[in-house]
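Chemist: Pasting a structure below so you can have a look.
The values are calculated or read from the model by the stated rules, or taken from the named source; none is laboratory data. Just so we're clear, the structure is a prediction, and the values are computed from it rather than from any experiment. Cβ placement follows ideal geometry from the backbone for every residue including glycine, while neighbour counts extend to all protein chains displayed.
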Amino acid sequence: MPAKDFDVVIVGAGAGGAAAAWRLSTRGMRVLVLEAGPAYDPLLDYKLHTEHWEAEAFPSKPNSEGRYVIAPLQTLEEKYSDLRSWDLISGRSNPNARREPSGPGYHHVRGVGGTTLHFTGEAHRMHPQAMQMRTRFGVSADWPIDYATLEPYYAIAEQLVGVAGPETVGDRWRSTPYPLPPHPLNKGTQRLGQAAATLGLSWTPNPRAALSQAYDGRPACNYCGNCNRGCPRTDKGSVDVTFIRHALATGLCEVRPETSVTRIVTGASGMVREIEFVDKQGKRSRMPVKRLILACGAIETPRLLLASADATSPRGLGNESAQVGKNLMESLSWVSTGLLEESVHSYKGLPADAICWDYNRPDSIPGVIGGCRFSAAVHEAGLVGPINYAQRIVPGWGKAHKESLRSAFGKALSIGAIGEFLPNARTFVDLDPKARDAHGLLLARIHSQLGAQEILKLQFMAKTCRQILHTAGVKQLAEEYGTYDFLSAAHVFGTCRMGVDPKSAVVDAHGRSHRWRNLFICDASVFPSSGGGEAPSLTIEALALRTADHILEAKQNSTYT
Amino acid sequence: MPPTCLTRRQFLLVLLWSVFAMRPSRALAQAVPAINAPGTGPRASFAQSLRAFVDVLIPADALSPAASTLGVDVQIIAHSKNDPRFRRLLRVGFKWLDSQMPGGFAQLPEDAQIRVVEWLSQADSNSLPRRLFEILRHESMSFYYADHRSWPSLGINRPPQPIGYPDHTI
């Protein structure tokens with residue numbers, strides 16, 4: 001299809017871009033999705049059926065890993081030594097005096113499907129109160145829409161993905177039940193549930209983007225425990241096998257992998273006019289756009305806007321509010337692991353199959369603003385095979401080590417917590433002044449500073465994780481990992497905040513740029529607050545569906561063209 | 001951080017240590033007097049010493065084979081060819097280790113090899129011996145337990161897919 005014929009160009013094929021592409025193409029619009037990363041074939045690329053499955057992380061392919069710069073992180077204080085990461089083999093995991101990036105620091109997959117390709121697949125709705133942090137608690141910013149506005153879109157996304165969830169809804173009311181029943185809990189998770197009950201905590205099946213029954217032409221999950229390594233069965237609801245598959249089936253959507261957009265060019269009358277991009281063969285081109293959706297995530301979307309500065313927007317495109325790149329919220333997480341005295345075959349089953357929402361409401365942790373959640377975490381901790389047991393939690397060597405490993409295998413129990421990150425002036429994304437990618441574009445630079453609230457929250461999360469594990473029968477901890485001493489962000493938010501006021505927000509309540517009338521953002525960069533540990537993919541999808549509906553409505557009214 | 005991921009600082013520390021400490025270690029000789037015994041055959045090569053070392057880390061027992069039987073030493077050497085820092089650490093580390101005993105590490109009796117490895121495992125955390133031990137332990141465990149022949153004694157006999165674990169609740 002000639003470029004001029006596309007009604008909408010979407011940059012990024014992750015949760016937001018895919019959901020928008022599906023909604024628009026199934027409603028008759030012609031959509032082009034440009035994705036910087038490669039396409040993955042679940043059967044060919046994922047290696048869970050091979051002998052070396054455990055030694056392989058999520059498979060890297062050419063262009064599947066973005067490059068970033070992490071600015072120096074904060075100095076660690078000895079008074080928080082109980083928040084340092086450690087394991088029985090190596091001792092302190094970060095022996096340095098500063099917080100360090102864990103691997104790349106920002107864990108992101110570039111590819112058709114984006115980070116949903118390797119996500120665990122929790123399918124969460126935001127807590128309604130977590131969308132009103134400014135009004136209720138005087139921090140972050142309010143969402144310009146409320147839970148009721150987003151609820152119908154959550155329901156649509158859940159149907160597309162095939163979310164398996166419980167009947168209980170807690171603080172998140174629902175207009176329709178989950179499309180699929182919840183998954184049965186692993187033996188290890190059942191043990192954690194008993195401990196939670198002893199402590200007076202709730203413990204319910206976690207809403208999961210993994211099929212508990214065959215659905216939409218995809219088979220049910222077979223509980224291999226390795227969602228994060230890529231699901232070869234396609235029962236995990238990553239957007240490549242859900243939204244994008246159905247968008248492509250319309251015949252109105254085209255996806256071009258390994259195509260990097262390097263610049264957005266503005267035109268007259270408050271409209272963006274075209275994009276510059278580099279295709280798979282390395283050829284640089286320009287393409288006119290009628291409507292442009294950015295869905296590159298909370299690091300790359302502000303990078304592209306800042307890198308597209310021109311005479312009309314010297315501080316970066318859509319940055320009249322000076323908020324592009326600001327308000328970054330990263331992941332606040334903690335995982336404690338110990339060994340039970342008997343095997344529960346904890347490497348089997350669905351990751352994160354149960355959750356405790358008791359402290360998710362923003363005012364539920366005593367003395368702290370912002371919530372958190374707790375969930376079964378042994379699979380996400382990677383304790384799914386003998387290599388990780390041997391390298392991390394069973395010390396020693398020689399014949400004694402072999403025997404210890406045999407005895408320990410299947411006994412690991414982990415519980416994890418994820419908590420709210422409040423925006424602060426020292427946590428943001430800008431362009432590195434020197435480092436560039438292969439196309440000459442300046443790299444994004446991530447700055448992050450944990451505030452006092454984050455450290456208090458981490459302390460609560462760590463204390464509660466330890467308490468649950470000990471109550472479950474763990475006599476001695478074997479490993480703990482947290483984001484006090486490591487920057488390890490899988491969920492990042494806030495760098496193109498949405499809001500009603502153009503002076504303090506980059507996009508409006510529909511995800512449309514306050515400045516450029518045909519420019520939209522559909523990713524977690526628009527989140528005004530991070531939520532109390534909710535996984536963001538379902539909310540990104542719901543927001544993108546709503547933005548798509550706004551575009552469809554505007555098209556009918558001949559707006560933005 | 002996995003032990004194989006040597007930071008530049010750690011790597012420089014190790015190299016610096018190796019420059020000043022490339023001589024017989026009195027502490028090691030005191031801990032393992034047997035290393036002073038003359039060798040009984042031709043001096044061991046790097047490959048022989050590595051093979052002996054990984055078999056001390058993961059020896060054969062009644063239920064599963066030794067590391068070298070599964071080619072762990074060969075895989076470590078192959079892996080080092082793609083990682084210059086790891087390759088350099090191995091080369092310098094075994095040069096130092098083999099220099100501590102007349103016939104090299106592989107010539108030592110098994111009980112002396114075990115005591116030498118034990119000494120390495122307790123050495124200063126920024127020293128060459130300790131880094132050598134940690135990296136070889138890490139790599140050996142990775143290659144050994146990635147081999148299906150090591151699995152039966154752990155109660156598993158296949159990778160997670162294509163069957164999965166339908167019995168996960170019991």
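Chemist: If a residue has to be at pLDDT 95 or above and part of a loop (DSSP other than H, G, I, E, B) to count, how many in the range A:161-171 make the cut?
Modeler: Qualifying residue count, the range A:161-171: 4.
Chemist: List the number of the failed condition for residue B:119; all other conditions in (1) at the interface with chain A (Cβ under 10 Å from one of its Cβ atoms); (2) in contact (Cβ under 8 Å) with a residue 12 or more places away in the chain; (3) closer than 30 Å to residue B:85 by Cβ; (4) surrounded by fewer than 23 Cβ atoms within 10 Å (Cβ to Cβ) hold.
Modeler: All conditions are met except number (1).
Chemist: Return the total of residues in the range B:60-86 being under 20 Å from residue A:399 (Cβ atoms), under 12 Å from the mean Cα position of the chain (by Cα) and either facing chain A (nearest Cβ under 10 Å) or not in a loop (DSSP other than H, G, I, E, B) (or both).
Modeler: Total satisfying the criteria: 3.
Chemist: Go through the range A:87-103 and give me each residue that's buried (at least 16 other Cβ atoms within 10 Å of the Cβ) and either closer than 14 Å to residue A:483 by Cβ or touching a Cys at 6+ places or on another chain (Cβ under 8 Å) (or both).
Modeler: Scanning the range A:87-103 gives A:93, A:94, A:99, A:100, A:101, A:102.
Chemist: Is there a residue being in contact (Cβ under 8 Å) with a residue 60 or more places away in the chain, within 14 Å of another protein chain (Cβ to nearest Cβ), part of a helix (DSSP H, G or I) and closer than 22 Å to residue A:119 by Cβ anywhere in the range A:215-228? Break it down into steps so the answer makes sense when it comes.
Modeler: Pass one, the range A:215-228, residues in contact (Cβ under 8 Å) with a residue 60 or more places away in the chain: A:221, A:223-228.
Remaining after also requiring within 14 Å of another protein chain (Cβ to nearest Cβ): A:221, A:223-228.
The next check asks that each one be part of a helix (DSSP H, G or I); those that pass are A:227-228.
Within this subset, residues satisfying the condition of being closer than 22 Å to residue A:119 by Cβ are A:227-228.
For the range A:215-228, residues in contact (Cβ under 8 Å) with a residue 60 or more places away in the chain, within 14 Å of another protein chain (Cβ to nearest Cβ), part of a helix (DSSP H, G or I) and closer than 22 Å to residue A:119 by Cβ: present.
Chemist: Of everything in the range A:124-149, what is in a loop (DSSP other than H, G, I, E, B), out of contact with any Gly (no Cβ under 7 Å at 6 or more places or on another chain) and buried (at least 20 other Cβ atoms within 10 Å of the Cβ)? Give them in sequence order.
Modeler: Within the range A:124-149, A:124, A:125, A:140, A:143 qualify.
Chemist: Considering the range A:232-270 alone, what residues qualify as being in contact with a strand residue (DSSP E or B) (Cβ under 8 Å, 6 or more places away or on another chain), farther than 17 Å from residue A:21 by Cα and in a loop (DSSP other than H, G, I, E, B)?
Modeler: Correct list: A:233, A:234, A:235, A:267.
Chemist: Within the bounds of the range A:507-524, is there any residue that is among the small types (Gly, Ala, Ser), over 24 Å from residue A:326 (Cβ atoms), surrounded by 24 or more Cβ atoms within 10 Å (Cβ to Cβ) and touching a helix residue (DSSP H, G or I) at 6+ places or on another chain (Cβ under 6 Å)?
Modeler: no
Chemist: If you don't mind, there's one more thing I want to ask. Of all residues in the range A:84-100, which are within 26 Å of residue B:136 (Cβ to Cβ), assigned to a strand (DSSP E or B) and under 28 Å from the mean Cα position of the chain (by Cα)?
Modeler: Passing the criteria: A:86, A:87, A:92, A:100.
Chemist: Among the residues of the range A:44-84, count how many are closer than 30 Å to residue A:96 by Cα, facing another protein chain (nearest Cβ under 9 Å) and buried (at least 17 other Cβ atoms within 10 Å of the Cβ).
Modeler: Selection size over the range A:44-84: 1.
Chemist: Consider residue B:140 against the criteria (1) hydroxyl-bearing (Ser, Thr, Tyr); (2) part of a loop (DSSP other than H, G, I, E, B); (3) more than 7 Å from every other protein chain (Cβ to nearest Cβ): it satisfies all of them except one. Which criterion is unmet?
Modeler: Looking at each condition in turn, residue B:140 falls short on (2).
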